[in-house]
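A short worksheet on the structure shown next.
The values are calculated or read from the model by the stated rules, or taken from the named source; none is laboratory data. These numbers come from a predicted model, not from an experiment. Heads up, the Cβs are rebuilt from the backbone with ideal geometry, glycines too, and the neighbour counts pull from every protein chain shown.
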Amino acid sequence: MNFKAIFSVDEALQKLRNYCAYQERCHMDVVQKLRDMGMIDVVIDQIVVSLITDNYLNEERFALSFARGKFNQKHYGKIRIRRELKRRNIHSKLIQNALDQIDSNDYYESFEALATKKWQSLKNDKDLVKKKKFVDYLLYRGWEMELIYDKLQNLSN
């Protein structure tokens, strides 16, 4: 038998406060968590409004934190960060603001380091296979095509 816990509104609100205090969350994450807890739409709306009012939930803060974290920790490019934020239903102005916070010098330095490291890790492949793996890897990470091909030209010469 599978028993599902039943939460009162106050218990659910406290649980979600802890959830949001632990790390930045977007509205979509919070709504999904409440649905998983078995809450009805009216209660979900009430809790989301309360979390926003008490500053536990803030989409702008989430977007900035998400972009900074994915860039610094996972070395994602702007295309991947934008795609991930769109998938979470973050407004395009907030996404652009978050991407603008990434320093362009840091961005290019991070790309250079990542691309060089990847190129050096591809040892025993034929030239065409090596180039394809290199390009695919950086595209998956969300880096711009122009950057990738410029770097590929420099490395393969």
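For this structure, a couple of remarks:
- Condition check for residue 79: β-branched (Val, Ile, Thr) and either modelled with pLDDT of 95 or more or within 23 Å of residue 141 (Cα to Cα) (or both): yes
- Test: residue in region 133-145 that is touching a residue at least 24 places away in the same chain (Cβ under 8 Å), in a helix (DSSP H, G or I), surrounded by 15 or more Cβ atoms within 10 Å (Cβ to Cβ) and more than 20 Å from the chain's Cα centre (by Cα): no
- Going through (1) in the same structural domain as residue 17 (by TED's automatic domain parsing); (2) in contact (Cβ under 8 Å) with a residue 24 or more places away in the chain one by one, residue 90 falls short only on (1).
- Region 3-52, subset part of a loop (DSSP other than H, G, I, E, B) and among the basic types (Lys, Arg), residue farthest from the chain's Cα centre (by Cα): 4
- In region 90-132, the residues that are outside any loop (DSSP other than H, G, I, E, B), of a type in the set (Val, Ile, Thr) and more than 14 Å from residue 155 (Cβ to Cβ): 95, 129
- Against the conditions (1) on the phi > 0 side of the Ramachandran plot; (2) not assigned by TED's automatic domain parsing to the domain that holds residue 16, residue 67 satisfies every one except (1).
- Just one of the listed residues (85, 64) is touching a residue at least 12 places away in the same chain (Cβ under 8 Å) and buried (at least 20 other Cβ atoms within 10 Å of the Cβ), namely 85.
- Options 7, 71; residue that is within 29 Å of residue 148 (Cβ to Cβ), among the aromatic types (Phe, Trp, Tyr) and in contact with a Lys or Arg (Cβ under 9 Å, 6 or more places away or on another chain): 71
- Failed item, numbered, when residue 55 is tested on (1) assigned to a helix (DSSP H, G or I); (2) surrounded by fewer than 19 Cβ atoms within 10 Å (Cβ to Cβ): (1)
- Evaluation of residue 70 against the conditions (1) out of contact with any helix residue (DSSP H, G or I) (no Cβ under 8 Å at 6 or more places or on another chain); (2) farther than 22 Å from residue 155 by Cβ shows that the sole unmet condition is (1).
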